[in-house]
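One structure is given here, and the rest of the page talks about it.
The values are calculated or read from the model by the stated rules, or taken from the named source; none is laboratory data. Since the structure is predicted, the reported quantities are computational estimates derived from the model, not experimental observations. When we count neighbours, we look across all protein chains shown, and the Cβ atoms used for this are built from the backbone with ideal geometry, even at glycine. To get the accessible areas, we keep the full protein, side chains included, count just its heavy atoms, and leave off ligands, DNA and RNA. Shrake-Rupley method; radii C 1.70, N 1.55, O 1.52, S 1.80 Å.
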Amino acid sequence: MDILKQMILNKGRVVNEDILKVDSFLNHQVDYHLMKEIGSEFFNYFKKYNITKVFTIESSGIAPAIMTASEFKVPMVILKKQKPNTLDTNFYQTPVKSFTKQSMYNLTLSKDYISENDRILIIDDFLANGEAAKGAIKLIENAGACVAGIGIVIEKSFQPGREILDKAGYVVYSLARINSLKNNKIEFID
């Protein structure tokens, strides 16, 4: 997706060989027009998969996920990183290790917002080691629902997440695939 790649090149900042900072347009300050384009792109790619809900993990995936859900005209569900006090015992939960924060959290989903008939599209801002995606998949499949696809805004292809999800047989569509961040240079896979 050219508009996204240009935004990454113009406004992204390489922190080190593993971390790309995109907080000026994706996960702190959000560029509305870019999010609309992202939602449209995911819709066009996944429209043949009969999506019934769009899931994301709080908080950085919310903007692209809500725009995608809007295109599909389906609900968007936020998987929580900790159990809210208002949530009773009616939930699914699984531990996930955060690549960025190097810490563990318990990904939580209320049983009220998923059914066995759902065909879920997972949307996330980054794919690195695949831990967040694997956690979301586990919650969805434990509920008996189908993971119809996984949409990633920025994939760090030099990390193992994509390979893990491909080997497991999931449909993964990434809008920008980064081959390398070495020497403070962003190199894409075309």
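Okay, here's what the table says:
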quantity	calculated
For the chain, share of DSSP beta bridges that run antiparallel, in % to the nearest 5	40
The stretch 51-190 - percent of accessible surface contributed by carbon and sulfur, probe 1.4 Å	45
Among PRO95, ALA65, VAL14 - extreme Cα towards positive end, dipole of the chain, charges at beta-carbon	PRO95
Whole-Hz couplings from phi, Karplus 6.51/-1.76/1.60, listed for the stretch 154-162; x for Gly and Pro	10, 9, 8, 5, 7, 9, x, x, 4
Unit charges on C-beta of K, R, D, E only; dipole of the stretch 90-141, Debye	200
Exposure rank, largest accessible area first [LYS182, LYS111, LYS53; 1.4 Å]	LYS182, LYS111, LYS53
Probe 1.4 Å - accessible area at THR52, Å² to nearest ten	50
Heavy atoms of LEU139: accessible area, 1.4 Å probe, square angstrom to 10	0
Computed [θ] at 222 nm, helices only, for the chain once each DSSP H run of length n ≥ 4 contributes -39500 (n - 2.57)	-9000 deg cm²/dmol
Solvent-accessible area of ASP112 with every protein chain in place, 1.4 Å probe, in Å² to the nearest 10	110
Cα-based reach from LYS47 at 17 Å (exclusive), listing lysines while leaving out same-chain residues under 8 positions away	LYS36, LYS73
Solvent exposure, largest accessible area first (probe 1.4 Å, DNA, RNA and ligands not counted), of ILE78, ILE140, ILE186	ILE78, ILE186, ILE140
Fraction of beta bridges assigned by DSSP in the stretch 39-126 that are antiparallel (%, nearest 5)	55
Ranking by accessible area, most exposed first, for ASP88, ASP190 with a 1.4 Å probe	ASP190, ASP88
Per residue value of the accessible surface for the chain (all protein chains in place, 1.4 Å probe), Å²	51
Point-charge dipole on Cβ atoms (K/R +1, D/E -1) for the chain, about Cα centre, debye to 20	180
Zone of SER115's modelled label, taken as backbone nitrogen in the stretch 32-59 under 13 Å from a point 7 Å along Cα→Cβ	52-53
Residues MET104 and GLN29, FRET efficiency given R0 of 25 Å [Cβ-Cβ distance, rounded to 0.05]	0.35
Computed Rg/Rh of the chain, alpha carbon atoms with Kirkwood Rh	0.95
Cα-based Rg and Dmax for the stretch 37-99, where Dmax is the largest Cα-Cα distance (Å)	13.5, 38
Dipole moment magnitude, nearest 20 debye, the stretch 26-79 about Cα centre, only Lys, Arg, Asp, Glu C-beta charged	280
